[in-house]
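Working notes for the structure below.
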Amino acid sequence: MLKLYVDTDKYGYQSEFAPVEAYNSAVKDLLRRKFSNSDVPWEDFVFELEESLVTKADMSAIEARLLAFGHRFEPSAMSSSQERPEAYKDSGLFNEDFFFEHEDAPTADGDDIGRMLRGAGDNVVNHENNLTGIAQYIRTSDKVLKYLTEGVPENTIAIVDDSGGTLTAPILEQFSGVLCAGGTTRSHLAILTREYNIPCLMNVKLNGIKSNDRIEVEVTAPSKTADDYASGVSTLAKIWRL
Amino acid sequence: MSKPEITYSQLLETNNLIQQNSDETYWLCATRTVQESKIFPVSAYILFSYLNCFYRFPELLKKIEANMSAEEVGDRARNSGIKILAWTIPCFYLLGREMLINWGVIKPTDAVEDVVYVMDFWKRFQLSWHRNNGGLTNKQGGHRAQIFPEQKLQVFHADAFECEVGDDLHTAAQEFMATVAQYGFLVSCESRLTIHNHGPYKISDNREMLIRDFRELSEYDFPWLDDVANDLDYNNLTVAMVVEDTHITLLDDWGSFEAEPELKSEHIKAIGLWTADNLTDGHLPVGMGSPEELTATFKNLTEKVKEATSKLWTQMAGWSRDQQMDAGALNYFACAKELAHIAGCYEMKDWMMIDERAERFRPLLNDEYGNLFLGELVGMITQPSQMAHGYTMAQHTDKPTKGLSFIPYSILKDEPYTPGVGPIRGGVTNLSAKVDRYRTSQGFMTQEQLNKECRSFTMTCCQEKYRLLCADWVKYHYDTELADELFRIEQKNSRNLKDRGAGLTCQDIEHMRLARVEKA
């Protein structure tokens, strides 16, 4: 079979991640076969024959082969696993009892005023006083819709998975605080909470905080800057269960 | 294959532009982290958009230049505002190329003339847009973007209203900026393309001004804003925000800024609001008659934006994944459609469709592959095409990598190459059909009307008489009638500077402001 141009590569070998390598190798293999069978020079193949010979059905077949090996995709968007439960892992998003159990979350027994350390994160804005409130996991659009309809209870500190600003868009300003398990203090959610002047920690590691727990967040900690990230400085704000 | 008409010099420059974008892409992505959302398959749609850009940009940018040069488009964009294009046009396009190289679908020697043209278009647009500070990118200016000319800055400086934390104007302005930013992220499917900042601009020893553009808020090109944003009277809004006792240290090519000390609401000391589009003669004040009027305007806009946010979120949360993919990909891909509007050649079928050639790859783009492949391409720089020889030390990482592939110089000798991807093909979309209704400063228009109006309208400052009257000319001719005319163009809607002409300096404007404050 003919070699592709990129099959001869002095410095590059393969993708870092196995699923990427599996897909990219499969596409290259497809191209090798189609090009080999076309019996034309590459210059007549690319943007010409290739367009009709390499089809959407071919790409679906590549995916089907990966799934046939038992691989299931990690979901990001809710719609992905909802529409294709056979192709995606269970997101667990609809488990009402869910709570984060990050292994690297700092934890400790009650301090001298009875606060139990249950996590930490990167503070977006340094505030004058720590924040106390009731934790609520916000992981699905169903829950957002419920709050959009009924209103967000007072003193709610939202715990969210992703650093984006779209999931909680219509209700974000009603939270008294936000804890986000991803992102940095420059992520979209951080930008928005800063604009709204809502206390927020990003890149949060939590272990042992459930919905309806009363918590305290150390938003008096220094905010984490781009220089802190670049130089690896750890400026973690603590999260306690009360 | 005949020898290319491309010269060694052109190829050297093209590869230089590719490398500049490669280095900055790494820096931008490394300092942001991947944006994930439960509503949108973000990484997957980003990759999808890159493919669409690769297959469609060359043809569509040529179509723009058939109507107006990239440089003239840049002139108009500089004066009326634009979405983030500095990074998006070259990098979306080149990352699509990089994906296809790693799939073996193309070689680095394919679409050579396309790559040279897209980079050259981008360079000429950027140099024009950045004309007042002489840079190609914000990065080249030390992560700073001083876009506006003195005459426009003077009006913004003079007319912005003073405010303090806790007063009505400050509160209303802060709430508006938070609400419209929130809405912007939603309109742009979790990207920041609705929001664009430039500056900082020096006001005094302890004051700087930041210009914040919020663009495409109303019914315009995006089908998802039909019937959602029809109550929003302005498609674009520009906030001039004067901050005190903080220094904006960085404003990058994604339009994001950082300040030292950290920018807090108490640093905001003056605020103003304007609007501009391709049919306004410069920026028009919005609610700028008095602080009370501006406060009421902000409050009114905030309510309308909140309502649109709820409607839009409800619509988007009910979308299928294919609809989410299309909207996200089209939002990214269509960043350059602004230029087609300026040139008066925007067509919905060009910019709001996924090209059939990109559509083929949709089944590959599941969430997991999207996250991992994008992560390798822009964050880790670990795809095979990105590996360089062992002596290489990449900017920022010192690793032997190169984020974006060069065009091999061997094509100038005897290595075969292909010129381009050819004409755009048919397009597909899973979104609702776009209503032929576009919000402009001159009322609603159809696509045909809008193109016609854009082609026939030239804002005064871009007319031949004034277009080349730059800051360096003003410096030596400020006492001429022509300089006064130039400044009066921007001053004609100003509350404090109407017909004042070209003689005032930044310091004069600041003294006028201080006198007003003292009097009050």
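The values are calculated or read from the model by the stated rules, or taken from the named source; none is laboratory data. No experiment lies behind these values; they were computed from the predicted model shown. Note that each Cβ is placed from the backbone with ideal geometry, even for glycine, and that neighbours are counted across all protein chains shown. We work out accessible area using only protein heavy atoms, side chains counted, and drop any ligands, DNA or RNA first. Shrake-Rupley method; radii C 1.70, N 1.55, O 1.52, S 1.80 Å.
Taking the listed residues A:Asp162, A:Asp142, the one that is surrounded by 24 or more Cβ atoms within 10 Å (Cβ to Cβ) and of a type in the set (D, E, K, R) is A:Asp162, with no other qualifying. Scanning segment A:1-20 for residues that are among the hydroxyl-bearing types (Ser, Thr, Tyr), facing chain B (nearest Cβ under 7 Å) and open to solvent by 50 Å² or more (accessible area, probe 1.4 Å) yields A:Tyr5, A:Tyr11, A:Tyr13. Count of segment A:84-116 residues, restricted to those that are surrounded by 11 or more Cβ atoms within 10 Å (Cβ to Cβ), farther than 25 Å from B:Tyr369 by Cα and of a type in the set (Gly, Ala, Ser), is 3. Scanning segment B:216-267 for residues being open to solvent by 30 Å² or more (accessible area, probe 1.4 Å) and aromatic (Phe, Trp, Tyr) gives a total of 3.
Residue-by-condition table, conditions (1) assigned to a helix (DSSP H, G or I); (2) under 25 Å from the mean Cα position of the chain (by Cα); (3) among the β-branched types (Val, Ile, Thr):
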position	(1), (2), (3)
B:Met288	no, no, no
B:Thr302	yes, yes, yes
B:Lys306	yes, yes, no
B:Gln315	yes, no, no
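At least 3 residues being within 12 Å of another protein chain (Cβ to nearest Cβ) is the threshold, and among the strands (runs of 3 or more DSSP E) wholly inside segment A:82-178 not one reaches it. Taken together, B:Phe40, B:Phe48, B:Phe57 contain a single residue that is away from chain A (no Cβ under 14 Å) and of a type in the set (A, V, I, L, M, F, W, C), which is B:Phe57. Residue count for segment B:396-405 satisfying the condition of being surrounded by fewer than 16 Cβ atoms within 10 Å (Cβ to Cβ) and closer than 13 Å to B:Thr109 by Cα: 0. For segment B:126-146, the condition of being within 14 Å of chain A (Cβ to nearest Cβ), open to solvent by less than 20 Å² (accessible area, probe 1.4 Å) and at pLDDT 95 or above holds for none of the residues. Of A:Asn212, A:Asn197, all but one fail to be at positive phi and in contact with a helix residue (DSSP H, G or I) (Cβ under 8 Å, 6 or more places away or on another chain); the exception is A:Asn197.
Given the structure, is B:Ser405 within 30 Å of B:Leu279 (Cβ to Cβ) and not acidic (Asp, Glu)? Criteria not met by B:Ser405. Inclusion of A:Lys210 among residues that are more than 13 Å from every other protein chain (Cβ to nearest Cβ), more than 18 Å from B:Thr179 (Cα to Cα), open to solvent by 40 Å² or more (accessible area, probe 1.4 Å) and in a loop (DSSP other than H, G, I, E, B) is warranted.
Residue count for segment A:21-41 satisfying the condition of being surrounded by 16 or more Cβ atoms within 10 Å (Cβ to Cβ) and at pLDDT 95 or above: 12. Against the list (1) out of contact with any Phe, Trp or Tyr (no Cβ under 6 Å at 6 or more places or on another chain); (2) surrounded by fewer than 24 Cβ atoms within 10 Å (Cβ to Cβ); (3) under 23 Å from B:Ile268 (Cβ atoms), the condition A:Thr235 fails is (3). Scanning segment B:400-455 for residues that are of a type in the set (D, E, K, R), part of a helix (DSSP H, G or I) and touching a helix residue (DSSP H, G or I) at 6+ places or on another chain (Cβ under 9 Å) returns a single hit, B:Arg455. Would you confirm whether any residue within segment B:317-340 is in contact with a Pro (Cβ under 6 Å, 6 or more places away or on another chain), open to solvent by 10 Å² or more (accessible area, probe 1.4 Å), within 11 Å of chain A (Cβ to nearest Cβ) and assigned to a helix (DSSP H, G or I)? No, every residue in segment B:317-340 fails to be in contact with a Pro (Cβ under 6 Å, 6 or more places away or on another chain), open to solvent by 10 Å² or more (accessible area, probe 1.4 Å), within 11 Å of chain A (Cβ to nearest Cβ) and assigned to a helix (DSSP H, G or I).
If you go through segment B:23-35 and keep only what is within 12 Å of another protein chain (Cβ to nearest Cβ) and crowded, with 24+ Cβ neighbours inside 10 Å, you end up with nothing. Taking the criterion of being away from chain A (no Cβ under 14 Å) and either outside any helix (DSSP H, G or I) or crowded, with 24+ Cβ neighbours inside 10 Å (or both), the residues of segment B:344-379 that qualify are B:Gly344, B:Cys345, B:Tyr346, B:Glu347, B:Met352, B:Met353.
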